[in-house]
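S.K.: One structure follows; several queries about it will come next.
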Amino acid sequence: MAPVTLGRERGRRRRRRPMAEINVTPFVDVMLVLLIVFMVTAPLLTSGVTVDLPETRAAPLSGQDEPLAVTIKADSSIWLQDSPIALEDLGPRLSAIRERNPELRVFVRGDRHVDYGRVMAVVGAINQAGIAKIALVTEAPRRTAELERGPGR
C-alpha cells in the first residue's frame, strides 16, 4: 500500500541551502595576472633621453601634473619628450599642446656642455608658444657637504 500524502506536499521541491562560502580563486588569479602585467610595464614607462645635467643646490619644484620635457643634448639636438624635433617646429607643436592644456608646465633639460645661447633659444621658442611655466632642470650636487663649506675649508 502506498503512503498517503497530502496535496500540498506533492508539489514541493527540496530547497537548497544558500552557500556561505565565497570562491576567491578567480579573484586571486586576476590579481596575480594584473600584478605581473604592471611589473613588466612599469619599467617601460620611465623612458627618456640621457643627458648630463648640471648640478645646483636649488630646491626641487613641487607639482601635481606631469610636465612636458624638452631636452637639449650635448650635440645641440632638441627632443620633445622622447622624439627629436627641430627648433622651428617646437613652438607650433607646444602651442597645439597648450590649447588642450592651458596650465601646461615645461621642463627644459640642457646638457652641461651645450651653449647657453642654444638653451635660451629653446626657452624663447617655448615662451613664444604662450607657455609661461618653464623650469630648468638640474641635478642635486653629489657632495653637498663640500659645497656648503665652500672651497678650501
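S.K.: (1) modelled with pLDDT of 85 or more; (2) under 16 Å from the mean Cα position of the chain (by Cα); (3) of a type outside the set (D, E, K, R): which one isn't true of Gly63, the others all being true?
M.R.: Of everything listed in (1) modelled with pLDDT of 85 or more; (2) under 16 Å from the mean Cα position of the chain (by Cα); (3) of a type outside the set (D, E, K, R), Gly63 misses just condition (1).
S.K.: Is it the case, given these coordinates, that Gly152 is at pLDDT below 85, on the phi > 0 side of the Ramachandran plot and part of a loop (DSSP other than H, G, I, E, B)?
M.R.: In short, yes.
S.K.: Out of all the residues in segment 96-145, which are surrounded by fewer than 14 Cβ atoms within 10 Å (Cβ to Cβ), modelled with pLDDT of 85 or more and among the hydrophobic types (A, V, I, L, M, F, W, C)?
M.R.: Ala96, Met120
S.K.: Which condition breaks for Gly48 when tested against (1) surrounded by 10 or more Cβ atoms within 10 Å (Cβ to Cβ); (2) at pLDDT 70 or above?
M.R.: Only one criterion is unmet by Gly48, namely (2).
S.K.: What tally of residues in segment 94-106 results from selecting those that are farther than 14 Å from Val123 by Cα and under 20 Å from the mean Cα position of the chain (by Cα)?
M.R.: Adding up the residues that qualify gives 7.
The values are calculated or read from the model by the stated rules, or taken from the named source; none is laboratory data. Bear in mind the structure is a predicted one, so any value in this text is a computation, not a measurement. Positions of Cβ are generated from backbone atoms using ideal geometry, with glycine treated the same way; all protein chains shown enter the neighbour counts.
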